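Everything below concerns the one structure shown next.
The values are calculated or read from the model by the stated rules, or taken from the named source; none is laboratory data. All figures in this text were calculated on a predicted structure; none of them were measured in a lab. Cβ: placed from backbone, ideal geometry, glycine included. Neighbour counts: every protein chain shown. We work out accessible area using only protein heavy atoms, side chains counted, and drop any ligands, DNA or RNA first. Shrake-Rupley method; radii C 1.70, N 1.55, O 1.52, S 1.80 Å.
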Amino acid sequence: MKEGIAGKVIYRKDYTTYPWDIKQLDLHFDIGIETTTVRAQMEFSLKQGPGTRQSIVLNGSDLQLLSISLNGQELTEEDYIVEAEKLTIPDAPSSSILKTEVKIHPSQNSALEGVYLSGEFLLTQCEAEGFRKITWFPDRPDVMTTYTVTLEADQSAFPVLLSNGNELDRGELAGGRHWVKWDDPFPKPSYLFALVAGDLALVEDHFTTRSGREVSLRIYVEEENLDRCEHAMESLINAMRWDEERFDLEYDLNVYHIVATNDFNMGAMENKSLNIFNSKYVLARPDTATDVDFQGIEGVIGHEYFHNWTGNRVTCQDWFQLTLKEGLTVFRDEEFSADMQSRAVKRIRDIRDLRSRQYPEDDGPMSHPIRPDHYSAINNFYTATVYQKGATIIRMYHTLLGEDGFQKGMKLYFERHDGQAVTCDDFLKAMADANDVNLDRFGRWYSQSGTPQVKVTDHYDAATLTYTLNLCQHTAPTHDQQEKQALVLPFAFGLLADDGQELPLQLENEAAGKPGARLLIMEEEQQQFTFINISEKPVPSLFRDFSAPVKVIYDYSQQQLAILIAHDTDAFVRWDAAQRMAETAILEQRKNHSENTPMSLDPSLVKAFRGVLSDRQADPALLSEALILPDEDYLAEQMDVVDVDGIHAARCFVKKALANELMELFKQRYAEYNDGQPYQKSAQSMARRSMKNVCLSYLQETEVGESLASAQLSSSDNMTDTLAAIRNLIFMGSPVAETALADFESSWMDDVLVMDKWFIMQAIKPGRETVDRVRKLMDHPAFSIQNPNKVRALIGVFAMLNTTGFHADDGSGYEFHADRVIELDGLNPQIAARMASAFNRWKRYDENRKALMQNQLQRIASVEGLSADVAEIVGNALQ
Ligand SMILES: [Zn+2]
């Protein structure tokens, strides 16, 4: 806990430039697990020019200051002021050399920011504000400088010593010690600094860039994981090639390091030439990782690599601009994965993710624009809004300007800003100037929070063959912002005839109709589009490819949805129509459940599902997406007052009824894809496994479920099929499940990553008994509350994904979870805050649950010395 910090709010409008340039930073680390000594030397020169004097203000946290000198003069405590994580040297000359020496204590660092210990090696995490836990420095992204870093350590305990840039020199010292000196020629902000020291094994490959630069690619892992790096390496090489081909961007150094750690707060970190990764996003073998893991690795390896340009070469002026690098880089990694795999499937998964994680954020107590206006803990703003919605807004530039126009804008952005720390406005200006268009109004997406609703009504006049579409956009007031403006919405759409054919579109002022989809731009609150020569009453296919992140309200009949599901040319619209149909069907049964009326299955849903199951043309991965029912959280978002038990009962009912009604088809498709072929990594095989396992999840609701799952488990040669089988056994409450879990445990007990999956499978089981199981599992030797992956797997999954367990109406889930938030806050505030956000939607529940959650929030809020991170989340929720 940093006293005096909690509750202090930082505003975007208060930004001022740092008065000093720093020409060079030389760091020397004397490395030890208990104590590391850090010597820093930096050259300050006043931006105003020579002759004047100014205070030098530095950031630091938990540093034990040993010495400090300015221009060769040792400073005493009277020469500087230390308060609230700041050190101020008043009245420094315009050209000053500052030297400091501090002690830090890596092994005591449980927050995993700054230098910390993972297993037996040391590493760093500096974004956003971890560098201040290493040494005194202006720890803000707009202070960029070149670094040289010398690492000195015991040679046997720390044979590998890595930092950013190129290795300059190395040598041996007396007493079995050695040193390595690194030099990074590219100016960078402190958040991109990294070091790694320890005994790590290495997998090496290489890549030749388009202009002929030979780059050595090195992945460092613990010895036993050497055989799990192949996919990460392949993904890295693909990413490097892709960025050259699609974005004309080349790598700029001779070495690229990736280091995998089991102890990491986030997914991975893009430190210049020394990426540090959560091992979850590096290590994979078919028997230890699922298809989703493999795809995740490709995406995250790509993401961090792409940051080398969008984030590192051009960085953010301040943390309010986080989406400048994150939204853009997520867009780039989404496009990379889409080009590597099936574009349609990737889009649908990203859109599902945005709707289920970001829409609730927009509607909750932490709502904020993609470029927030204030924060008290920046760590709380690494959100789905900044990342995923930010990427959607970059995608809208792409939709509006086209690929060529977008690339022209990117080119100008790099020409203007390479080596600088800039703002979202600079990015928008580069896009506008390169294409000679005005994007001022589009810029509202950066400052407005909330999910716009677009209400669509239409009218067909059979006499004149005209069809009129009325669009009306509205963004409801959010927690952070009352007034909303109309936004620019790219509106891609088409019209379908009853037989599913796409109708030619002719606007009333156009000479002739054109076949295919159309992109219109909506800029006003209300807009009307009239089409002529429309031969029959059409079915509108709206916001194709999810052309804007909005909620579309249109009163589709089940028959219209059926036409879209069967015939639309746009994969997103087909999928979305199936989701809408299922959502309507489930929510209707929810109503029956609450009124004690018997539930029944909507025949049009059966028909639509039969169509999907009988489709022999489409990509099976796409079909499997269409068969996945909307999840309970998404359904909950569609209700004014969430009916936890009703939604669960109705969804279970619909799934079971569909499974029984269509059992023969599910069995057929399952058998077809369960063909006994040995495992392959190809996208095609993944698609087949995905369809197979979706079919199995329906069959689990029928009499054949147990035998199929048991057979799949015993014949499986890969983790995807194994996990799917065990999960089904658990969900159906089969007695075989316990044996399967026990076998899994004894096979993988020593494998930290695979054991995460074992915890997840148990935490996710619906029902109020699960809380006791989760509590017991906390005592399992493979669990550690200090390890973020374990916390996310057991506690996070229980609170965020197990609706009936977490929301048990006796409050047992809430109480358990609040205890964990409090416990975690003393160890790792960043993770504690993430966990605390499970209570964010408390006001949307029934009176009983509302009161129970409010009690727990108040209990957390009253803890003395609560971190700024948790205080901000809980404070906003209670407001
Ligand atoms: Zn990123």
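If r is the Cβ-Cβ distance from ILE532 to GLN453 and R0 is 22 Å, what FRET efficiency results, to the nearest 0.05? E between ILE532 and GLN453, to the nearest 0.05, is 0.15.
Can you tell me the 0 to 90 degree angle between the C-alpha axis of helix 322-340 and the longest principal axis of the chain, rounded to 10? On a 0 to 90 degree scale, this one is about 50. Here the dipole of the range 176-219 is about 140 debye; that uses its Cα centre as origin and unit charges on the Cβ of Lys and Arg (positive) and Asp and Glu (negative).
Surface listing: ILE860, ILE822 arranged by accessible area from highest to lowest gives ILE822, ILE860, probe 1.4 Å.
Rounded to the nearest 10 square angstrom, CYS229 shows an accessible area of 0 square angstrom against a 1.4 Å probe. Assign one of three labels to the range 334-420, namely rounded, prolate or oblate, based on the Cα gyration tensor with a ≥ b ≥ c the square roots of its eigenvalues; rounded applies when a/c is under 1.5, prolate when it is not and a/b is larger than b/c, and oblate otherwise. Oblate is the answer for the range 334-420, as a/c is 1.5 or above yet b/c matches or exceeds a/b. Using θ = phi - 60° in the Karplus curve 6.51 cos²θ - 1.76 cosθ + 1.60, the 3J(HN,Hα) couplings for the range 861-875 round to 4, 7, 5, 6, x, 4, 5, 4, 4, 6, 4, 5, 5, 5, x Hz; x is entered for Gly and Pro. Using the Cβ-Cβ distance between LEU202 and GLN420 with R0 = 35 Å, the FRET efficiency computed as 1/(1 + (r/R0)^6) comes to roughly 0.50.
Backbone amide hydrogens, once placed in the peptide plane, bring LEU75 within less than 5 Å of ILE68, SER69, LEU70, excluding anything fewer than 5 places away on its chain.
Compute the Cα gyration tensor for the range 517-565, then decide on rounded, prolate or oblate, letting a ≥ b ≥ c be the square roots of its eigenvalues: rounded whenever a/c is under 1.5, prolate when a/b is larger than b/c in the other cases, and oblate in all that remain. Note, shape of the range 517-565 comes out oblate. A simple rule links phi to the HN-Hα coupling: the Karplus curve 6.51 cos²θ - 1.76 cosθ + 1.60 with θ = phi - 60°, which for the range 393-401 gives 6, 4, 4, 5, 3, 4, 5, 6, 9 Hz, with x for Gly and Pro. For the range 784-812, the residues whose backbone nitrogen is under 16 Å from a point 7 Å from the Cα of VAL641, taken along Cα to Cβ, are 809. The reciprocal of the average 1/r between distinct C-alpha atoms defines the Kirkwood hydrodynamic radius, which for the range 727-849 equals 14.9 Å.
Mind checking which of THR720, ALA683, TYR673 is farthest towards the positive end of the range 671-726's charge dipole, using Cβ charges of +1 (Lys, Arg) and -1 (Asp, Glu) about the Cα centre? Positive-most Cα among the choices belongs to ALA683.
The largest accessible area among SER734, SER614 belongs to the first residue in SER614, SER734, and the rest follow in falling order (1.4 Å probe, all chains). Note on LYS514 and ASN71: the model spin-label points, each 7 Å out from Cα along the C-beta direction, lie 6.8 nm apart. The local environment of PRO781, defined by Cβ-Cβ distances under 11 Å, has a net charge of -3 under the rule Lys, Arg +1 and Asp, Glu -1.
In this view, the solvent-accessible surface of SER707, computed with a 1.4 Å probe and all protein chains in place, comes to about 80 Å². Dipole magnitude for the range 96-144: computed about the Cα centre from +1 point charges on Lys and Arg Cβ and -1 point charges on Asp and Glu Cβ, it is near 200 debye. Compared with the alpha-carbon gap, the fully stretched path from GLU120 to LYS23 is longer by 31.4 nm at 0.36 nm per residue. Relative to the first principal axis of the alpha-carbon coordinates of the chain, what is the inclination of helix 663-673, with its axis defined by its Cα atoms, in degrees from 0 to 90 and to the nearest 10? For 663-673 against the chain, the angle is about 50 degrees. Computed from point charges on the beta carbon alone (+1 for Lys and Arg, -1 for Asp and Glu), the dipole magnitude for the chain about its Cα centre is near 1160 Debye. Here's the picture: charge each Lys and Arg Cβ at +1 and each Asp and Glu Cβ at -1 in the range 743-845, and of ALA782, VAL821, VAL752 the one pushed furthest to the positive end of that dipole is VAL821.
Extending 7 Å from Cα along the Cβ direction at LYS667 and again at ARG241 yields two label points whose distance is 4.5 nm. Compared with the dominant principal axis of the Cα atoms in the chain, helix 558-567 is inclined by about 70°. With the simple model of a label 7 Å out from the Cα in the direction of the Cβ, SER784 to SER594 spans 4.6 nm.
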